[in-house]
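Data first, discussion second: the structure below is written as structure tokens.
The values are calculated or read from the model by the stated rules, or taken from the named source; none is laboratory data. Fair warning: this is a prediction, and the values are worked out from it, not measured in the lab. Every residue, glycine as well, gets a Cβ built from its backbone with ideal geometry; the counts of neighbours run over all protein chains shown. Only protein heavy atoms, including side chains, enter the accessible area calculation; ligands, DNA and RNA are left aside. Shrake-Rupley method; radii C 1.70, N 1.55, O 1.52, S 1.80 Å.
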Amino acid sequence: METVVDITLLALLAVAGLAILRTRNLFSAVMLAGIYSLVAAALFTTLDAVDVAFTEAAVGAGISTVLFLGTLALVGWEEKKPAHRPLLPLVVVLITGAALVYGTADLPPFGAADNPVHDSDVARRYIEESPHEIGVPNMVTSVLASYRGYDTMGETTVIFAALVGVLLLIARGPRPRRVWDPDRKEWLTRWDDPQSDGGDGAGTSQGGAHG
Amino acid sequence: MEMVVDVLSWVFILGGTFFVVVGAIGVLRMPDLFTRLHAAGMTDTMGAGLLILGMALQSGISLNLGRLLLIYLFLFVTSPVASHALARAALLGDVRPLRVASKED
Amino acid sequence: MDDQVILRMAAKWLIPFILIFALYVQFHGDYGPGGGFQAGVIFAAGFVLHSLVFGLKDTLRVLPPWVAYACGALGVVLYAGVGVVTMALGAEYLNYNVLSYDPEHGQHYGILLVELGVLITVFGVMLGVYYAFAGRRRLDG
Amino acid sequence: MFAVATAGLLVAMGMAMIRALRGPTVYDRVMAVNMFGTKTVLLIAVVGFLMGRPAFLDLSLVYALINFIGTIAILKFFEFGDLAHHRDDDRPEEA
């Protein structure tokens with residue numbers, strides 16, 4: 001039964017992923033990404049990775065949808081037509097995918113009892129010692145917060161650095177806007193204040209970020 | 001006694017599954033947004049309610065019962081509110097309900 | 001969402017539940033799934049819901065951006081501070097064993113404080129990023 | 001018994017996915033996503049019982065709460081074009 005559930009969820013995941021690729025409307029892409037995240041969390045649950053599923057549940061469906069929408073409010077709803085043909089990227093992706101599939105042939109079978117991970121000294125140490133060394137029933141917590149405390153501290157710092165980066169990029173200073181110039185037939189980036197309707201073309205610089 | 005509880009939870013879970021599937025068929029087959037919304041609402045109230053009732057009978061009196069009741073409470077509040085917000089937004093966004101042509105026309 | 005009485009009432013009821021549930025996730029993380037990161041995200045989601053239903057202006061009055069930014073920094077300081085305290089007590093950095101009279105209690109205190117640090121940082125960062133995105137206007141002229 | 005419920009939920013998720021792909025209006029998609037969320041909440045709970053791991057119920061709880069926020073965010077964004085909208089924004093300035 002669990003195999004059937006896994007396969008069905010993976011199929012739904014693939015459908016959602018392909019649909020995200022196909023749509024040019026970024027708004028429906030955001031909604032499909034929400035579905036993708038829901039399916040992914042269900043899949044993580046059936047694979048018994050409850051803490052990962054929990055993170056996906058908390059971040060994927062709520063906050064990341066909201067942040068995607070916040071971004072769409074700034075950049076518009078339609079994806080621009082790509083300037084290049086998709087042939088070369090397709091070849092690259094196919095080759096990479098084939099290499100990855102070839103690589104899975106050497107992976108140990110899923111969930112088997114004699115997989116290498118069960119043999120490693122680190123895993124055995126965590127499983128045997130953590131109940132009386134740490135005394136926390138959820139082993140994921142004791143590994144994350146105690147055995148790998150440095151690691152988690154680094155992650156917390158990275159999250160803080162993300163905030164600093166976002167604030168530096170978009171919270172202060174002049175706000176750019178994209179303006180369509182009908183004469184030059186291209187998008188320009190304007191750095192004037194959007195609230196005041198300044199003279200046309202004033203403070204306009206050529207935008208190179210598109211396409 | 002255990003028999004009775006098992007049979008009851010069977011009935012509730014099968015009933016819940018029935019409503020979930022019927023609601024999904026409705027979402028797929030109904031002709032316009034508002035009728036589809038009605039079908040979706042069927043899943044949320046009857047389907048979820050019966051399924052959770054069935055699971056609650058299986059879990060007995062425990063912490064899980066409390067969790068199930070909370071899930072039901074949240075679904076009970078959020079999904080009608082979301083449906084209402086959706087229908088309202090659709091009406092304001094100029095999606096008109098489909099009408100059967102009346103005889104006077 | 002001006003005259004959405006139903007939505008407003010529902011949000012009014014739900015937001016306290018969301019915040020309490022975040023705390024449950026935080027402190028239940030020792031026994032089941034969950035922990036500081038997830039709790040921080042859920043806590044921030046409560047405020048995001050508030051701003052969606054009542055408008056960003058009201059949320060900024062409840063919790064101004066500088067508080068979110070300060071939380072983002074405070075959590076990291078708390079986490080790193082636990083390490084400094086353990087060093088002051090004569091053990092290695094982030095070795096919680098010395099925080100209490102026996103190693104196991106020390107570990108419990110250490111994990112509690114460290115997870116609290118993660119919660120505060122993630123909450124502050126998520127909300128700060130949301131404010132930064134939602135507070136801007138649409139860019140096309 | 002839980003296997004039947006799981007199968008039913010998976011079928012329903014597939015149908016909701018088809019609706020999300022077909023549209024036709026944006027509201028149909030929002031409805032499909034919202035319904036998909038409810039299905040996921042139920043699926044995680046049912047799978048938890050199926051596998052004998054009722055701790056999964058916490059996950060369902062998170063989804064039941066968070067999914068609502070996502071739906072409201074999408075609706076608000078579609079109505080106003082930004083997430084920050086406040087009801088005072090619609091009123092004319094009182095001089």
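Which of the following residues is open to solvent by 50 Å² or more (accessible area, probe 1.4 Å) and either among the aliphatic types (A, V, I, L, M) or closer than 24 Å to D:Met51 by Cα (or both): A:Leu69, A:Leu74, A:Leu43, A:Leu10? Working first, answer last.
Details: A:Leu69 fails: open to solvent by 50 Å² or more (accessible area, probe 1.4 Å); A:Leu74 fails: open to solvent by 50 Å² or more (accessible area, probe 1.4 Å); A:Leu43 fails: open to solvent by 50 Å² or more (accessible area, probe 1.4 Å).
When all the criteria are applied, what remains is A:Leu10.
Test C:Val76 against the stated conditions and say whether it is touching a residue at least 40 places away in the same chain (Cβ under 8 Å) and buried (at least 24 other Cβ atoms within 10 Å of the Cβ).
Numbers: touching a residue at least 40 places away in the same chain (Cβ under 8 Å): yes; buried (at least 24 other Cβ atoms within 10 Å of the Cβ): no.
When the stated conditions are applied, C:Val76 does not pass them.
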Exercise. Restricting the first residue to the stretch A:136-165 and requiring it to be more than 7 Å from chain C (Cβ to nearest Cβ), which pairs with a second residue that is open to solvent by 60 Å² or more (accessible area, probe 1.4 Å) and β-branched (Val, Ile, Thr) meet a Cβ separation below 7 Å and a spacing of at least six or different chains?
Worked result: none
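Out of B:Thr35, B:Thr43, B:Thr17, I need the residue that is farther than 21 Å from D:Gly8 by Cα, among the polar types (S, T, N, Q) and part of a helix (DSSP H, G or I). Which one?
On the way: B:Thr43 fails: farther than 21 Å from D:Gly8 by Cα; B:Thr17 fails: farther than 21 Å from D:Gly8 by Cα.
Only one candidate passes the filter, namely B:Thr35.
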For this session: Tell me which residues, restricted to the stretch D:13-53, are assigned to a helix (DSSP H, G or I), farther than 19 Å from A:Ala61 by Cα and open to solvent by less than 10 Å² (accessible area, probe 1.4 Å).
Result: D:Val46, D:Val47, D:Gly48
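Name every residue in the stretch A:91-123 that is modelled with pLDDT of 90 or more and of a type in the set (A, V, I, L, M, F, W, C), in order of residue number. Can you show your working first?
Step one: filter the stretch A:91-123 for residues modelled with pLDDT of 90 or more, giving A:91-103.
Within the stretch A:91-123, A:Val91, A:Val92, A:Val93, A:Leu94, A:Ile95, A:Ala98, A:Ala99, A:Leu100, A:Val101 meet the criteria.
Checking the structure you have, find out if any residue of the stretch A:6-14 is among the hydroxyl-bearing types (Ser, Thr, Tyr) and over 19 Å from the mean Cα position of the chain (by Cα).
Initial filter on the stretch A:6-14 (among the hydroxyl-bearing types (Ser, Thr, Tyr)): A:8.
Subsequent filtering for residues that are over 19 Å from the mean Cα position of the chain (by Cα) retains A:8.
Yes, the stretch A:6-14 has at least one match.
Considering only residues of the stretch C:1-56 that are of a type in the set (Phe, Trp, Tyr) and farther than 30 Å from B:Leu91 by Cβ, which is modelled with the lowest pLDDT? Full working, then the answer.
To start, the set of residues in the stretch C:1-56 that are of a type in the set (Phe, Trp, Tyr) comprises C:13, C:17, C:21, C:24, C:27, C:31, C:37, C:43, C:47, C:54.
Now drop any that are not farther than 30 Å from B:Leu91 by Cβ, which leaves C:21, C:24, C:27, C:31, C:37, C:43.
Details: C:Phe21: 88, C:Tyr24: 88, C:Phe27: 85, C:Tyr31: 76, C:Phe37: 87, C:Phe43: 91.
Residue satisfying both the conditions and the ranking: C:Tyr31.
Going through the stretch B:40-61 one residue at a time, which ones are within 9 Å of chain D (Cβ to nearest Cβ), under 29 Å from B:Leu98 (Cβ atoms) and surrounded by fewer than 21 Cβ atoms within 10 Å (Cβ to Cβ)? Walk me through how you get there before you give the answer.
Just the residues of the stretch B:40-61 that are within 9 Å of chain D (Cβ to nearest Cβ), to begin with: B:40, B:43-44, B:47-48, B:51-52, B:54-55, B:58-59.
Then drop every residue that is not under 29 Å from B:Leu98 (Cβ atoms), which leaves B:40, B:43-44, B:47-48.
Scanning the stretch B:40-61 gives no hits.
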Problem set entry | Within the stretch A:21-36, considering residues that are crowded, with 24+ Cβ neighbours inside 10 Å and under 13 Å from the mean Cα position of the chain (by Cα), the one nearest to the other protein chains (Cβ to nearest Cβ) | A:Gly34
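Here's the yes/no breakdown for (1) in contact with a Leu (Cβ under 6 Å, 6 or more places away or on another chain); (2) free of Cβ contacts under 8 Å to residues at least 40 places away in the same chain; (3) on the phi < 0 side of the Ramachandran plot:
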| position | (1), (2), (3) |
| --- | --- |
| B:Ser9 | yes, no, yes |
| B:His38 | no, yes, yes |
| B:Thr45 | no, yes, yes |
| B:Ile71 | yes, yes, yes |
| B:Pro80 | no, yes, yes |
| B:Gly93 | no, yes, yes |
Problem set entry | Residue within the stretch A:118-130 that is surrounded by 15 or more Cβ atoms within 10 Å (Cβ to Cβ), under 30 Å from D:Val62 (Cβ atoms) and within 7 Å of another protein chain (Cβ to nearest Cβ) present | no
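Rundown of residues vs (1) open to solvent by 40 Å² or more (accessible area, probe 1.4 Å); (2) more than 9 Å from every other protein chain (Cβ to nearest Cβ); (3) in contact with a strand residue (DSSP E or B) (Cβ under 8 Å, 6 or more places away or on another chain), yes/no style:
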| site | (1), (2), (3) |
| --- | --- |
| C:Phe27 | yes, yes, no |
| C:Gln38 | no, no, no |
| C:Phe47 | no, yes, no |
| C:Ser51 | no, no, no |
| C:Val82 | no, no, no |
| C:Ala88 | yes, yes, no |
| C:Val98 | yes, yes, no |
| C:Tyr101 | yes, yes, no |
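Does A:Thr55 meet the test of being open to solvent by 10 Å² or more (accessible area, probe 1.4 Å) and within 24 Å of D:Leu42 (Cβ to Cβ)?
On the way: open to solvent by 10 Å² or more (accessible area, probe 1.4 Å): yes; within 24 Å of D:Leu42 (Cβ to Cβ): yes.
Answer is yes for this residue.
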For this session: Run A:Val50 past the list (1) within 16 Å of the chain's Cα centre (by Cα); (2) buried (at least 20 other Cβ atoms within 10 Å of the Cβ); (3) under 22 Å from A:Leu144 (Cβ atoms) and report the number of the one that doesn't hold.
Result: (1)
For this session: For the stretch C:103-132, enumerate the residues that are open to solvent by less than 30 Å² (accessible area, probe 1.4 Å), over 23 Å from C:Phe43 (Cα atoms) and either in contact with an Asp or Glu (Cβ under 6 Å, 6 or more places away or on another chain) or more than 7 Å from chain A (Cβ to nearest Cβ) (or both).
Result: C:Gly106
